[in-house]
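My questions will all concern the structure given below.
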Amino acid sequence: MTDQGQLDSAAAEPADTHPAADPDAPLALHPLVYLEDGEEVTIGRADTDSYAIFPPDGAELVRRLAAGDTPAQAARWYQAEYGESADVADVVEALRELGFVREAGEAAAVLEPVRWQRLGRALFSPVAWLCYAALVAWAAVCVVRAPELFPRSKDMLFSSYYAVINLTLLVAAVPLIAVHEAFHALAARRLGVRSRTSMSYRFYFLVIETALDGLVAVQRRKRYLPILAGMVADVVLLSLLIIVADATRGPGGAATLASRVCLGLAFATGVRLLWQFFLYLRTDIYVLITTVLGCVDLHTTAMRLLRNRLNRVLGRRDRLLDESLWHPVDRRIARWYSWLILGGYAASLSTFLLALGPVFLRMVTGSLARFSPGHHAGWVQLLDSTVFLLLTLAQVMLTVWIALRERLRSRRSRLHHVIA
């Protein structure tokens, strides 16, 4: 999402690729959307998801330019309205950097209808909510009647063939994550907001993210459902898996392969749901907090605050960052939110060490043990161990590759700003 800092940087960069705007000629702008939110106004292009936050007087200035006033007329209006002069040339350059200005020969942007709006409305209709509630209640009854249906880490070891476990979790993770991200996207698309999906990493997690930049131009209270929709999907999927696990048990409640697989997938889904509270990941809960409290870039501010605290403890006063430059809302919230980030790291390590780590270690050591001289493993077990170890290596390499790619992009971006 575009924030005030992006607007400031856009306005600060010199214009060396566009001719100076004629102050007596109207400025051609693409269709823009406006959202007033307290003392700020979000303005943007919905077709490119380019947005910026303006103060109310700046937003009125943009409205007049969009309505056909020349920069000179807009400057005279601003002087008469607010009793002070405005640097309209800087505003025009900022609009140009944001892509709001129609350059010579450029046609006005046409906003195409957002697809899947009807499906989005159906998935979050009152009838759908009743169905979701019924599934959650059904699953809760199943667990109360049979506590062994509560997913645990050991349920991930549903087969003696580790490659089968790995492949099953990988293959099943694709549709499960797809449903999570689809709920985000469809909850937003029902409001006419576009979405895009990307892959990244956080700490030791490989993550898939759905970007909903257009939500900044939607009323604040309408943003909450698109933000939390992925967690709704996870709860529904977790309930369905428990219900199916119960339905596929054998006589007397005996576990079957199908029920064990469902519980293994249910545990993996539960862990993904738990991850949402690891706030350093900038999870759905993080986005909800920043939306409710009106933050601009809370994560960056909180990390910088933690760095300042560490430098103070170490006596490195010369390395302290100027906190007065941070957004006041971010600075206030970061006082307590920064501790939640540290708690998120601690919870992540605990989850890995107490739940995921032991299962992974057992699978790795079990696979390696089959190659020892005294094990006498058959060729099927050896093949299973080989495939499992190769898959594990591939997943690790993929995470490393994504991390290196992001770091390279970050360095290129910093170099570009230095050159500029």
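The values are calculated or read from the model by the stated rules, or taken from the named source; none is laboratory data. A quick note: this is a predicted structure, and the numbers were derived from the prediction, not measured. Glycine also receives a Cβ, built like all others from the backbone with ideal geometry; neighbour counts cover every protein chain displayed. To get the accessible areas, we keep the full protein, side chains included, count just its heavy atoms, and leave off ligands, DNA and RNA. Shrake-Rupley method; radii C 1.70, N 1.55, O 1.52, S 1.80 Å.
Of the residues L383, L393, L415, L349, which is of a type outside the set (D, E), modelled with pLDDT of 90 or more and surrounded by fewer than 17 Cβ atoms within 10 Å (Cβ to Cβ)?
Answer to the selection: L383.
What is the residue count in the range 214-273 for residues that are among the aromatic types (F, W, Y) and surrounded by 19 or more Cβ atoms within 10 Å (Cβ to Cβ)?
Matching residues across the range 214-273 total 1.
Evaluate the following for L274: is it modelled with pLDDT under 95, in a helix (DSSP H, G or I) and over 16 Å from M156 (Cα atoms)?
yes
Which of (1) in contact (Cβ under 8 Å) with a residue 24 or more places away in the chain; (2) within 28 Å of S195 (Cα to Cα); (3) in a loop (DSSP other than H, G, I, E, B) does D69 not meet, given it meets every other one?
(2)
Being open to solvent by 30 Å² or more (accessible area, probe 1.4 Å) and either over 20 Å from A211 (Cα atoms) or of a type in the set (A, V, I, L, M, F, W, C) (or both) is the filter here; which residues of the range 286-299 pass it?
V287, L288, I289, V292, L293, V296
Would you pick out the residues in the range 329-338 that are of a type outside the set (D, E, K, R) and open to solvent by less than 50 Å² (accessible area, probe 1.4 Å)?
Within the range 329-338, V329, I333, A334, Y337, S338 meet the criteria.
To continue, here is another question. Can you go through A109, A104, A52 and tell me which one is in a loop (DSSP other than H, G, I, E, B), in contact (Cβ under 8 Å) with a residue 12 or more places away in the chain and either open to solvent by 30 Å² or more (accessible area, probe 1.4 Å) or under 15 Å from V33 (Cβ atoms) (or both)?
Checking each option against the conditions leaves just A109.
Check S372, S348 and return the single one that is among the small types (G, A, S) and either in a helix (DSSP H, G or I) or touching a helix residue (DSSP H, G or I) at 6+ places or on another chain (Cβ under 6 Å) (or both). Write out each step before concluding.
On the way: S372 fails: either in a helix (DSSP H, G or I) or touching a helix residue (DSSP H, G or I) at 6+ places or on another chain (Cβ under 6 Å) (or both).
Only one candidate passes the filter, namely S348.
How about the range 27-38: which of its residues are in a loop (DSSP other than H, G, I, E, B), at pLDDT 80 or above, surrounded by fewer than 16 Cβ atoms within 10 Å (Cβ to Cβ) and not aliphatic (A, V, I, L, M)? Give the steps one after another, and end with the answer.
First, the residues of the range 27-38 that are in a loop (DSSP other than H, G, I, E, B): 27-28, 30-32, 38.
From what's left, at pLDDT 80 or above: 27-28, 30-32.
Still in the running and surrounded by fewer than 16 Cβ atoms within 10 Å (Cβ to Cβ): 28, 31.
The one that is in a loop (DSSP other than H, G, I, E, B), at pLDDT 80 or above, surrounded by fewer than 16 Cβ atoms within 10 Å (Cβ to Cβ) and not aliphatic (A, V, I, L, M): P31.
Specify which of the listed residues (I227, I242) is modelled with pLDDT of 90 or more and within 24 Å of E39 (Cα to Cα).
Just a single option satisfies the conditions, and that option is I227.
Right, next: Just to be sure before I move on: is L281 open to solvent by 50 Å² or more (accessible area, probe 1.4 Å) and either over 15 Å from the mean Cα position of the chain (by Cα) or at pLDDT below 95 (or both) in the structure I sent?
no
Residues are listed down the side, and each one gets a yes or a no for (1) free of Cβ contacts under 8 Å to residues at least 24 places away in the same chain; (2) of a type in the set (A, V, I, L, M); (3) open to solvent by 20 Å² or more (accessible area, probe 1.4 Å):
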position	(1), (2), (3)
T301	no, no, no
L305	no, yes, no
L314	yes, yes, yes
L321	yes, yes, yes
H327	no, no, yes
L340	no, yes, yes
G344	no, no, no
V359	no, yes, no
